Ligand SMILES: NC(=O)c1ccc[n+]([C@@H]2O[C@H](COP(=O)([O-])OP(=O)(O)OC[C@H]3O[C@@H](n4cnc5c(N)ncnc54)[C@H](OP(=O)(O)O)[C@@H]3O)[C@@H](O)[C@H]2O)c1
């Protein structure tokens, strides 16, 4: 079985190369293999590798630059997945795509279910929603995981930024009125692998939109404090202590793109469909920090 993974240099894509390896011949596509903003390139790559399964973590993920680069964001996040879905439908193949909590308005304080009405406030969110809608229209058998606050031991992400700043500074202010569940890329990749196995075993309920994030919730400030707390416990040499991370409201950290105040995602449906229990975000952070130590050899 050929499994094509786009964006395999990205956070989730890189982890997918490992988690999917036992299931078949995994082909990872990086930017060097072709520019996915060109529909003809996308179609040529699909025809060349003729994959049984297409997994698409490639995306335009720069939330603030998207506000001024909407054409590119929509090309990558809407038209590219639309081409994938058209191909997988025409060839009777399976497509797995990744989306975001940014498609929701992000109001309220409770976890949002898959039935929550969408209403993205940012260009990034609008482009991702356009991608989800195009996939559902072109290939209803495709599976779309909506996730949140992705981080990992490699790539550009909040955890690595906090570790760097905590080794350089003695004080930091972080937004404390946006809530969600930090979700490591390795977890998304492992659950994708479980879902693919389940689908191949005949689980036809695995299609449409499913939420995939850690359990529990925190703010960005709470996440930053826990990163520093756990990293110090694991022996990282940091100048900053967790109580030197000070909370600020979103209004004191202006950014071009609006962020949802509520990024909480209900994960009961995916747990039921796959028979899994997703880990609490603090436990997942501990595993990710251990992974980082392993990679750095500390
Ligand atoms: N990061 C988050 O916090 C977050 C939250 C919720 C949902 N998601 C979604 O989860 C998925 C995976 O996110 P991630 O954090 O793993 O993203 P990422 O690390 O930014 O990876 C995206 C990948 O897409 C590739 N790519 C972008 N434009 C391309 C182009 N024109 N041609 C070829 N490749 C291109 C990038 O290549 P280069 O490295 O060469 O640029 C990169 O390898 C995405 O669908 C994202 O929208 C992410």
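Taken together, the values in this text are just the output of simple stated rules run on the coordinates, not laboratory data. Please read all numbers here as calculations on a predicted model, not as lab measurements. Heads up, the Cβs are rebuilt from the backbone with ideal geometry, glycines too, and the neighbour counts pull from every protein chain shown.
Mean separation of Cα pairs under 8 Å and 6 or more residues apart, divided by the residue count, gives region 1-109 a relative contact order of 29 percent. Three principal axis extents describe the C-alpha atoms of region 214-279; from largest down they are 44, 36, 16 Å. Listed by Cβ neighbour count within 10 Å, with the fewest neighbours leading, 8, 198 appear as 198, 8. Here is the tail figure for region 1-93: Cα pairs spaced more than 19 Å apart come to 39 percent of all pairs. As a proxy for reagent exposure, ranking 162, 240 by other Cβ atoms within 10 Å from fewest up yields 240, 162. Against the compact-protein benchmark of 2.2 N^0.38 Å, the Cα-based radius of gyration of region 93-136 scales to 1.21. Using the Cα gyration tensor of region 73-113, with a ≥ b ≥ c the square roots of its eigenvalues, what is the shape: rounded (a/c below 1.5), prolate (a/b larger than b/c) or oblate (neither)? Verdict is oblate for region 73-113. Inverting the pair-averaged 1/r between distinct Cα atoms of the chain gives 19.6 Å as its Kirkwood hydrodynamic radius. In a fully extended conformation the segment linking residue 18 and residue 107 would gain 28.4 nm over its present Cα-Cα distance, using 0.36 nm per residue. With contacts taken as Cα pairs under 8 Å at a separation of at least 6 residues, the chain carries a relative contact order of 21 percent. For the chain, with a Gaussian network of springs between Cα atoms less than 10 Å apart, report the residue from 99, 286, 219 with the top mean-square fluctuation. Between 99, 286, 219, it is 286 that shows the largest mean-square fluctuation.
Seen through its C-alpha gyration tensor, with square-root eigenvalues sorted a ≥ b ≥ c, region 175-240 comes out oblate because a/c lies at 1.5 or above while a/b is not bigger than b/c.
What ranking, highest mean first, results for peptides 25-38, 223-236 when packing means the other Cβ atoms within 10 Å averaged over each residue?
223-236, 25-38
When the chain is treated as a GNM with alpha-carbon contacts under 10 Å, the residue of 21, 189, 58 showing the greatest mean-square fluctuation is 21. The orientation-averaged projected area of the convex hull spanned by the Cα atoms of region 45-133 comes to 6.4 nm². Sorting 17, 143, 187 from the fewest to the most surrounding beta carbons within 10 angstrom yields 17, 143, 187. Normalised by the number of residues in region 72-126, the mean separation of alpha-carbon contacts (under 8 Å, six or more apart) gives a relative contact order of 32 percent. Diffusion of region 106-235 by Stokes-Einstein, at 37 °C in a medium of 0.692 mPa s and with Rh set to the Kirkwood radius over alpha-carbon pairs, works out to 193 µm²/s. Solvent-free Debye calculation, one equal scatterer per alpha-carbon of region 135-202: log10 I(q)/I(0) at 0.13, 0.18 Å⁻¹ equals -0.58, -0.86. Would you mind classifying region 161-298 by shape? Square roots of the alpha carbon gyration tensor eigenvalues, ordered a ≥ b ≥ c; an a/c under 1.5 is rounded, otherwise it is prolate if a/b is larger than b/c and oblate if not. Taking the square roots of the gyration eigenvalues as a ≥ b ≥ c, region 161-298 is oblate. Hydrodynamic radius of region 1-41 by the Kirkwood approach over all distinct alpha-carbon pairs: 10.6 Å.
Per DSSP H run of at least 4 residues, take -39500 (n - 2.57); add these up for the chain, divide by its residues and hand me the 222 nm value, nearest 500 deg cm²/dmol. Mean residue ellipticity, 222 nm, calculated: -12000 deg cm²/dmol. Among 133, 15, 168, which one moves the most in a GNM of the chain with springs linking Cα atoms closer than 10 Å? Largest GNM mean-square fluctuation: 168.
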